[in-house]
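Reviewing the structure listed below.
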Protein chains: 2
Amino acid sequence: MTTRNAPIIEAAYGRTPSRPPVWFMRQAGRSLPEYKKVREGIDMLDSCFMPELLAEITLQPVRRHDVDAAILFSDIVVPLKAAGVDVEIVPGRGPVMDAPVRTEADIANLPILDHEITEVAQGIQIINDELTETQALIGFVGAPFTLASYLIEGGPSKNHERTKALMHSQPQLWHALMERLTPTIIAFLEQQMAAGIDAMQLFDSWAGFLNEADYREFVLPYSTRILATAAGRIPRIHFGVGTGELLTAMSEAGSEVMGVDYRVSMDAAAHRVNTKVLQGNLDPALLFAGDDAVRKQVQRIKSEVDAAGVGHIWNLGHGVLPTTDADAITRAVAIIHNEG
Amino acid sequence: MTTRNAPIIEAAYGRTPSRPPVWFMRQAGRSLPEYKKVREGIDMLDSCFMPELLAEITLQPVRRHDVDAAILFSDIVVPLKAAGVDVEIVPGRGPVMDAPVRTEADIANLPILDHEITEVAQGIQIINDELTETQALIGFVGAPFTLASYLIEGGPSKNHERTKALMHSQPQLWHALMERLTPTIIAFLEQQMAAGIDAMQLFDSWAGFLNEADYREFVLPYSTRILATAAGRIPRIHFGVGTGELLTAMSEAGSEVMGVDYRVSMDAAAHRVNTKVLQGNLDPALLFAGDDAVRKQVQRIKSEVDAAGVGHIWNLGHGVLPTTDADAITRAVAIIHNEG
């Protein structure tokens, strides 16, 4: 099904959408009771390889909240797992590697994704069968810094010290790891496009732990290559947290839309990027503060976006927090559709 | 002892120091074997109320690393504990409150510090007896947003959702809490000044979780009041993490020196603040990357600072990470003294 008239696609291409498009990062998952029910007894990473289940989880928030896009339920380590990397997702902690990747030999032995992840392709078909023509499916693509940090640290890290140490003490090893990772990320993106995603978001969640010089030297070339894969085919959204200082560099990687976290004003963001469309900016913690507080922030963001003369896809400045009340999310979507 | 000729004091007042002054946030504590030894079997918060011990811990990094300042070994909750709040520091987690502070009654019942913390005053005397006239003692002052977040959340929080919810849904309660906290913070600062600190740093570690509008409305008035207490008496340093978007507002609170984390270039920081002196900017993760990498970053920071024409106190852009090798810290100090 083509969704070229979906409000989110219109907005991504800088045209005027029929209503203010909104989706929330992490809208699928932990904040929804129906998610907890279908995931019961099923390992997180396993669920990303079960077509019916991943489709159901992807669709749940679309049905419940009336958001304008589904985000493919997946995880940043899915293509690595499919390629043969020993990784599991530990509840309450995140992806943990059986063996960290730190040496030339480790990098040379890192498998590259060389086959179709059929379960994901099948899941995308099921999702597209249910989505209407005004709804879009956004593909999930993990970015190389965040993925490399998991591999080097061996799991989630608060300060990414081993990752940065490798970067600065053995830059040739860092670049070898990026060269090894990038084809896997691109393969996963190609597969999602072939299966029918309508847009894609590159999640570089942790890029904000780098300063601009490091980002430009160690990350930008690879993100550029990944984003180029989708150029002219589907709208590309590029997102990271705490990236106020990186927005200019990140926008040089090439995308139609730049994601903005909740720390940066939309006015400041618009001046820093070369994209004509911004996404995000609503503080996820505000979903705990009641509808009046949400409405006030929606008005603030709208006035900044209007003043800057850019397009806007509504979203949070970070993912939905785990303890968020599901009804508060639905009401926020309605507020945005009415006043955004 | 007067330390008015100490390089760090000279630099803080915008004069030319006899050598590039350097100290590291969290230089005292967990990264040092001699710290682990003296703390053995002693509760963290208890140690902040033991004059000989807090002095010893404060002095250990000065002896070992040849840094230009001691930072008073303390904790943000020390004045609350002294005032009578039930709080303990849980190893590996941080300060945990016996009961969170969330209602009008909770706030009205929050004790205010009304007596001298004699153990800290005695500790400061012991420290000053050992410091030379080229070394300075920096007082430790916790800022209201970070402190309020501990009280409202009941402990350390990743997303500060209850804190922000209170701020936005019951702003009058938020301001009442700030009015109740500020006198305790000011009292602790006054006591440290009376006991002989040579400079002070206001640690608002978590302010970077706020956007600028929220910071200005909910935090700035109180930080301004706290910093005004020390105006014209000792140099004031103001610091938070992830505060790129807040530097302008934070510098309006009034200080001689603005702390800069590792994400913002010194050039960008200099343009955002009204202070003539910056502090920080070295990524703490670089202490894991070897001396060459540290030297390269020191040169980068120095060239940015020189180009911006501001003064500089060398420091990390965040605290020393727990697993940092103590010798790497010593060598970084030497590199800064030689090339900074």
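Hey, how much of the P(r) for the stretch B:7-339 falls beyond 38 Å, as a percent of Cα pairs? Don't skip to the answer; put the middle values down first.
Numbers: 5196 of 55278 pairs.
Above the 38 Å cut-off, the stretch B:7-339 has 9 percent of its Cα pairs.
Can you list the lysines whose alpha carbon sits under 25 Å from that of residue B:164, skipping same-chain ones fewer than 8 residues off?
A:158, A:296, A:302, B:81
Taking every Cα atom in the protein assembly as shown, find the radius of gyration and the maximum pairwise distance Dmax, and write them in Å.
Radius of gyration, then largest Cα-Cα span, for the protein assembly as shown: 25.5, 79 Å.
When you look at the Cβ of every residue in B:291-299, what mean number of other chain Cβ atoms sits within 10 Å?
Other-chain Cβ atoms within 10 Å of each residue's Cβ, averaged: 2.
Could you name the aspartates and glutamates in cross-link range of residue B:36, using Cα to Cα under 18 Å and dropping any fewer than eight places away on the same chain?
Within the straight-line cut-off, residue B:36 pairs with B:46, B:52, B:56, B:75, B:325, B:327.
What list of ³J(HN,Hα) couplings, whole Hz, do you get for the stretch B:159-176 from phi and the Karplus terms 6.51, -1.76, 1.60, once you set θ to phi - 60° and write x for glycine and proline?
For the stretch B:159-176, the Karplus-derived couplings read 10, 6, 5, 5, 5, 5, 5, 4, 3, 8, 9, 9, x, 5, 5, 4, 5, 5 Hz, x marking Gly and Pro.
Placing the label point 7 Å from Cα along the Cα-to-Cβ direction, what are the distances from residue B:45 to the equivalent spots in the other copies, shortest first, in nm to one decimal?
Those separations, rounded to one decimal, come out as 4.0 nm.
Could you state the per residue volume, in Å³, of the convex hull enclosing the Cα atoms of the stretch A:218-339?
Numbers: hull volume 13.7 nm³, N = 122.
Taking only Cα atoms, the stretch A:218-339 has a hull volume of 112 Å³ per residue.
Between residue B:141 and residues 5 or more places away or on another chain, which pairs have amide H atoms under 5 Å apart, with H built 1.01 Å from N, and which residues are they?
B:201, B:203
I'd like the distance separating the alpha-carbon centroids of the stretch A:110-154 and the stretch B:138-180, in whole Å.
Using only Cα atoms, the two centres lie 39 Å from each other.
For the stretch A:31-47, take each phi angle, set θ = phi - 60°, evaluate the Karplus expression 6.51 cos²θ - 1.76 cosθ + 1.60, and give the result in whole Hz per residue in order, putting x for glycine and proline.
For the stretch A:31-47, the Karplus curve yields 7, 9, x, 5, 5, 4, 5, 6, 7, 3, x, 10, 4, 3, 5, 4, 4 Hz.
Give the angle, between 0 and 90 degrees and rounded to the nearest 10, that separates the Cα long axis of helix A:326-339 from the longest principal axis of the Cα atoms of chain A.
It works out to around 60 degrees.
Under the convention of a label 7 Å out along Cα→Cβ, give the distances in nm from residue A:325 to the same position in every other copy, shortest first.
Taking the point 7 Å beyond Cα along Cα→Cβ, the inter-copy spacings are 5.3 nm.
If you restrict to DSSP beta bridges whose two residues both lie in the protein assembly as shown, what percentage is antiparallel, to the nearest 5? Mind showing how you got there, number by number?
Numbers: 8 of 54 bridges.
If I count the DSSP bridges inside the protein assembly as shown, around 15 percent turn out antiparallel.
Using a 10 Å cut-off around each Cβ of peptide B:205-217, what is the average number of partner chain Cβ atoms that fall inside? It would help to have the intermediate numbers written out before the result.
Numbers: counts 0, 0, 0, 3, 5, 4, 10, 4, 3, 4, 1, 0, 0.
Mean inter-chain Cβ contacts per residue within 10 Å come to 3.
Tell me the Kirkwood hydrodynamic radius of the stretch A:1-111 in angstroms, computed as one over the mean inverse distance between distinct C-alpha pairs.
Values: mean 1/r = 0.0613 Å⁻¹.
After inverting the pairwise mean of 1/r, the radius is 16.3 Å.
Take peptides B:16-24, A:202-210 and line them up by average Cβ neighbours within 10 Å, highest first, as a rough protection proxy. If you can, show how the numbers build up before the last one.
Details: B:16-24: 20.6, A:202-210: 25.3.
My ranking of the peptides, most packed first, is A:202-210, B:16-24.
Given H placed on each backbone N at 1.01 Å, which residues far from residue A:101 in sequence or on other chains put an amide H within less than 5 Å of it?
Result for residue A:101 returns A:152, A:154.
Would you grab the residues whose amide H sits under 5 Å from the one on residue A:136? Only those 5+ places off in sequence or on another chain, please, with H modelled 1.01 Å from N.
Amide H neighbours of residue A:136, under 5 Å, 5+ apart: A:69, A:70.
What are the nm distances, shortest first, from residue A:158 to its equivalents in the other copies, labels at 7 Å along Cα→Cβ?
Label-point separations across copies, in nm and ascending: 1.2.
Can you run phi through the Karplus equation (6.51, -1.76, 1.60; θ = phi - 60°) for the stretch B:194-201 and list ³J(HN,Hα) in whole Hz, with x for Gly and Pro?
Once rounded to whole Hz, the list reads 4, 7, x, 5, 9, 7, 9, 10.
Laboratory data are not the source of any read-out in this text; all were calculated from the coordinates shown. Computed from a predicted model, the values in this text were never measured in an experiment. Cβ coordinates were reconstructed from backbone atoms using ideal geometry, including for glycine residues, and neighbour counts include every protein chain displayed.
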